[in-house]
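Let me begin by presenting the structure, written as structure tokens, before commenting on it.
A short reminder: the numbers here are calculations on the coordinates, not readings from a lab. Here the structure is a predicted model, which means the values were calculated and not measured. FYI the Cβ positions are ideal-geometry reconstructions off the backbone, even for glycines, and counts take in every protein chain you see.
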Amino acid sequence: MPPRIPKACRKQGCPLTTTDASGYCSKHKPINTGWARYQKGRSRHQRGYGNAWDNLRNQVLQRDRYICQCDECKRLGIIKNATHVDHIVAKAHGGTDDLNNLRAINAACHRKKTAKERFNREGGIKSL
């Protein structure tokens, strides 16, 4: 197979070229940590969400009585049905599956919290 044709680095303003499939030169190639680490075509079992997680998830939902424990709902005294389990400190940010780091959360609240974490992780405004 012929070698790749060098293309400009995808990082805005970078004068270097690359043949890497990511499109970034070696200086700007994203480090495979955080959010990128768990996605990339890996199954839930490969990401650590197998049978043990299912048991832990059920334990957390029962402990929290299927009521959303997100910061906003607790602060406003809102009671929402929780169907998800959330890592208070995300695994991508160094959190663990310890019961003290897990809480029941509503699906909409979970999406909102995850979006904030991704935004902050990618260099957005640090406090939302």
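Structure notes:
- Assuming charge only on the beta carbon of Lys and Arg (+1) and of Asp and Glu (-1), the dipole of the range 46-128 about its Cα centre is about 240 debye to the nearest 20.
- Long pairs among Lys74/Lys113; Lys91/Lys113; Lys7/Lys116; Lys74/Lys112; Lys27/Lys91, criterion Cα-Cα beyond 23 Å: Lys7/Lys116; Lys27/Lys91
- Highest-fluctuation residue, Ile67, Ile105, Ile78 considered, GNM on the chain with Cα pairs under 10 Å: Ile78
- Under a Gaussian network description of the chain, with springs only between Cα atoms under 10 Å, the residue in Tyr66, Tyr49, Tyr24 that fluctuates furthest is Tyr24.
- By average C-beta atoms within 10 angstrom, highest first, the peptides 108-117, 83-92, 6-15: 83-92, 108-117, 6-15
- Relative intensity of the chain on a log10 scale, I(q)/I(0) at q = 0.10, 0.12, 0.17 Å⁻¹, equals -0.47, -0.62, -0.96, per a Debye sum over C-alpha point scatterers of equal strength in the absence of solvent.
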